[in-house]
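Enquirer: Quick one: structure below, then a few questions.
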Amino acid sequence: MSSETTGAQKVRSSVNRRAELLADRIEEGAAVLAAFAAGLSEAEWHTRVSIMDPRSIGVVVHHIANVYPIEVDLARTIASGKAVTDVTWEVVAQLNATHAQDQTEVTKATALELLRRNSHEAANAVRAFTDEELDRAAPFSLSFSAPVTAQFVIEDHALRHSWHHLARIRKVLGR
């Protein structure tokens, strides 16, 4: 047996373990959401999430898929040591309202494909983070300008997002 490292072994060993675990959890959350959403009836797909959130379940699934690139970009900004100052909860609410208007008729197939693709791309982007980048902190406007780490932004947004909304969806459907 040769003591030389194969190309595949080099690629695996060059992947940051922390980043890999974060990425795996992003994909896990998306897969759990996708599996649940795939089994919804047409009526359930169009069910409103709540009085406070009048979006349909389908729009919310599409929303989660749609914002993965934004969430990863925010983490990259923090990882570079730059503050995020222009993303407020008011801006998020406006983006969500516009998205809901634009996607009222989103199909399950469209939303699930976007969820699969964007969660995979987000996970791959997270796998590229170094420990130093994950540990870097900068002021983040969605956290009231607290200096948070890039890892926190990944966990609190790209990773948590599917789990958060799935819990709300399950509650409204009584499952």
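Enquirer: In the range 38-57, is there at least one residue being surrounded by 14 or more Cβ atoms within 10 Å (Cβ to Cβ), free of Cβ contacts under 8 Å to residues at least 24 places away in the same chain and not in a helix (DSSP H, G or I)?
Expert: yes
Enquirer: Related question: Please identify the pairs in which a residue from the range 136-165 that is within 17 Å of residue 67 (Cα to Cα) has its Cβ atom under 7 Å from the Cβ atom of a residue that is hydroxyl-bearing (Ser, Thr, Tyr) and assigned to a helix (DSSP H, G or I), counting only partners at least 6 apart or on another chain.
Expert: 158/68
Enquirer: Got at least one residue in the range 116-138 being more than 29 Å from residue 56 (Cα to Cα) and surrounded by fewer than 13 Cβ atoms within 10 Å (Cβ to Cβ)?
Expert: yes
Coordinate-derived values only; no laboratory data. Worth saying up front: this structure is predicted, and the values here are computed from it rather than measured. Neighbour counts run over all protein chains shown; Cβ positions are idealised from the backbone, glycine included.
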